[in-house]
Every structure is written in C-alpha cells, then in structure tokens.
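The structure under discussion appears below in the form of structure tokens.
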Amino acid sequence: MPRERITEERFEKVIELYFMWKNLNLGIKENYTRGVNLPEAITETICCYVNNFFLSTGEGSEDAVIPQTGDLVQIKATSNFNSDLTSFGPRSNFRYLHFVRLNQDEDRMYLYDIPVENLRQVRVNCSETFEDQQLQNRRPRFSIIDKYINPYGIQPYAVVDLRTRQILFTA
C-alpha cells in the first residue's frame with residue numbers, strides 16, 4: 001500500500017486549498033441550499049502532518065498509517081462544528097480513529113482521538129449496531145460528536161489554526 005509522508009510544503013499548500021474551498025463553499029451557499037463537503041484531501045493531510053502519520057494512498061480502507069507500528073488509522077471530519085453524520089465503509093479496518101472538527105468562523109481544526117474499543121456496539125439506529133450494519137454489508141452512520149465527544153467529554157489533543165498555521169497540542 002503506497003504511503004506518503006506529509007512535508008511542511010504540502011501542509012502549507014493544503015491550507016491554501018482550505019481557504020479556496022471555504023470561498024467556494026460560501027459562494028455556493030449564497031445561491032443554493034447546501035454547500036460543498038470539506039474534502040478529505042484537506043482534513044486527512046492535516047491530521048497526518050500533525051501526527052507525523054503516513055498518508056495512505058492505496059486501496060485499503062485506512063486513511064493513514066502510524067510509521068513506527070504499521071497500525072491503521074481512519075480519519076473522519078466535519079465542517080459543521082456542532083454536528084456530524086459520519087459514515088464508515090462496510091469493511092473498514094483500522095485500529096485508531098481520529099476526528100477533525102472544523103470551526104469555520106475561527107478557521108481552526110480541532111483534532112480528537114476517538115476510542116474504538118466499543119465502536120462495534122455503538123447503536124446507529126433503534127435496532128442495529130455498527131457491527132450489525134457492517135455484517136449486512138451496509139455503511140454504518142452515526143454522529144461522533146453525539147456518541148463520543150459530548151457524552152464522554154473528549155477533548156481535542158491538538159488545534160490547528162489555519163490562519164497562522166500554528167499547531168497547539170493540548171494533551
């Protein structure tokens with residue numbers, strides 16, 4: 001599986017792309033009811049840079065790889081700071097889950113390490129769990145903010161200020 005280390009130059013380029021996306025998104029919202037999804041190419045690259053992960057560009061379900069251990073990382077994100085609906089593939093395989101939460105007003109990304117020990121038992125609707133839907137070859141969908149961050153008081157381990165390009169590690 002191909003893997004890329006994210007350089008400082010690429011980090012800078014992705015931040016430029018973020019501001020292009022933000023302007024496009026605002027323009028579309030002026031004329032249409034929905035905006036443009038925040039591209040994974042932005043959030044995954046920034047998460048990898050902050051954590052010194054390799055960005056996985058292969059055919060696996062993982063988004064990143066921890067170079068020291070080879071552990072697989074899934075990276076999910078939301079451009080709406082107060083809510084999300086996160087979707088997982090029916091065959092997603094990963095050991096770590098990182099969540100990127102964008103505050104567009106501040107141009108800051110908040111990065112969270114989400115515990116996955118009980119992920120398979122998370123209720124995605126009134127009658128099914130994450131695992132139930134995966135076993136049916138379906139895409140489990142639920143809110144990481146509602147199921148993990150808020151109930152467990154999970155705090156971000158890093159904040160990326162996209163205006164100043166500074167990374168503040170909080171943990």
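Does the stretch 150-171 hold any residues that are open to solvent by less than 50 Å² (accessible area, probe 1.4 Å), within 18 Å of CYS48 (Cβ to Cβ) and not in a strand (DSSP E or B), and which are they?
Answer for the stretch 150-171, where residues must be open to solvent by less than 50 Å² (accessible area, probe 1.4 Å), within 18 Å of CYS48 (Cβ to Cβ) and not in a strand (DSSP E or B): PRO156, TYR157, LEU162.
Please determine whether any residue of the stretch 113-133 is within 26 Å of VAL14 (Cα to Cα) and under 18 Å from the mean Cα position of the chain (by Cα).
Looking through the stretch 113-133, at least one residue is within 26 Å of VAL14 (Cα to Cα) and under 18 Å from the mean Cα position of the chain (by Cα).
Filtering the stretch 30-51 down to residues that are hydroxyl-bearing (Ser, Thr, Tyr) and open to solvent by 40 Å² or more (accessible area, probe 1.4 Å), which residue is modelled with the highest pLDDT?
Among those residues, the one meeting the criterion is TYR49.
Please name all residue pairs, on different chains or six or more residues apart, with Cβ atoms under 6 Å, provided the first residue is in the stretch 6-26 and is under 13 Å from CYS47 (Cβ atoms) and the second residue is of a type in the set (Phe, Trp, Tyr) and open to solvent by 20 Å² or more (accessible area, probe 1.4 Å).
ILE6/TYR49; PHE11/TYR49
Among residues belonging to the stretch 85-143 that are among the aliphatic types (A, V, I, L, M) and part of a loop (DSSP other than H, G, I, E, B), point out the one that is most open to solvent (accessible area, probe 1.4 Å).
LEU85
Would you point out which residue out of ASN82, ASN25 is assigned to a helix (DSSP H, G or I) and either farther than 23 Å from ASN150 by Cα or polar (S, T, N, Q) (or both)?
Just a single option satisfies the conditions, and that option is ASN25.
Scanning for something over 21 Å from ILE167 (Cα atoms), in a helix (DSSP H, G or I) and not β-branched (Val, Ile, Thr), does the stretch 33-56 turn up at least one residue?
Looking through the stretch 33-56, none of the residues is over 21 Å from ILE167 (Cα atoms), in a helix (DSSP H, G or I) and not β-branched (Val, Ile, Thr).
Is it true that GLU16 is under 20 Å from ASP105 (Cβ atoms), more than 18 Å from the chain's Cα centre (by Cα) and outside any strand (DSSP E or B)?
The answer is yes for GLU16.
Name the pairs: first residue in the stretch 142-153 and more than 11 Å from ASN82 (Cα to Cα), second residue open to solvent by less than 80 Å² (accessible area, probe 1.4 Å) and part of a helix (DSSP H, G or I), Cβ to Cβ under 8 Å, at least 6 apart or on different chains?
Close Cβ pairs satisfying both conditions: PHE142/PHE130.
The values are calculated or read from the model by the stated rules, or taken from the named source; none is laboratory data. Because the structure is a prediction, the values reported are computed rather than measured. A quick note on method: Cβ atoms are made from the backbone with ideal geometry, for glycine too, and the neighbour counts reach across all protein chains shown. Just the protein is used for accessible areas: all its heavy atoms, side chains included, with ligands, DNA and RNA removed. Shrake-Rupley method; radii C 1.70, N 1.55, O 1.52, S 1.80 Å.
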